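Below you will find the structure I want to go over with you.
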Amino acid sequence: MASCVHITAIASVKGPQRHECEECVKVGDDWVHLRTCQTCGVTLCCDTSPNRHATKHAHQSGHPVIASAQPGERWLYCYPDDAFAEY
Ligand SMILES: [Zn+2]
Ligand SMILES: [Zn+2]
Ligand SMILES: [Zn+2]
């Protein structure tokens, strides 16, 4: 299983506070899937969504790892390392 120092450092995975993209809600847009930042806990939309807020957040903030916030999905992704891991 591919992993990296950022993913290995996560002791407990942060889940979504709410099942909605915080940024899309502000502007009234829709999303497809949700991702939760493992550094600050914000839940944002995936790359299939029109606004790609999770990726924008990762690049702007430097927060490396997201978790899927989809029910039944248990995986982490690290942007700088392009690493993926199930948990
Ligand atoms: Zn990493
Ligand atoms: Zn969004
Ligand atoms: Zn963050």
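Derivation of every value follows stated rules applied to the coordinates shown; laboratory data play no part. Here the structure is a predicted model, which is why all the values come from computation and not from measurement. Here Cβ is always computed from backbone atoms with ideal geometry, including for glycine, and neighbour counts include all displayed protein chains.
Over the chain, what is the relative contact order in percent, taking alpha-carbon pairs closer than 8 angstrom and at least six residues apart?
Relative contact order here is 29 percent.
Also: Pick from 35, 18, 52 the residue whose mean-square fluctuation is largest in a GNM of the chain, springs joining Cα atoms under 10 Å.
Fluctuation is largest for 18.
Is the chain rounded, prolate or oblate when judged by the Cα gyration tensor, a ≥ b ≥ c being the square roots of its eigenvalues, rounded requiring a/c under 1.5 and prolate requiring a/b larger than b/c?
prolate
If I take R0 = 30 Å and measure r between the Cβ atoms of residue 30 and residue 60 in this structure, what FRET efficiency does the formula 1/(1 + (r/R0)^6) give, to the nearest 0.05?
FRET efficiency, residue 30 to residue 60: 0.90.
While we're on this one: Could you sort the peptides 74-80, 10-16 by per-residue average Cβ neighbour count (10 Å cutoff), highest mean leading?
Numbers: 74-80: 17.3, 10-16: 13.4.
Ranked from most to least packed, the peptides come out as 74-80, 10-16.
Provide the per-residue ³J(HN,Hα) series for segment 31-41, in order, calculated from phi with Karplus coefficients 6.51, -1.76, 1.60 and θ = phi - 60°, each as a whole number of Hz, with x at glycine and proline positions.
Once rounded to whole Hz, the list reads 9, 9, 10, 10, 10, 10, 5, 8, 8, 10, x.
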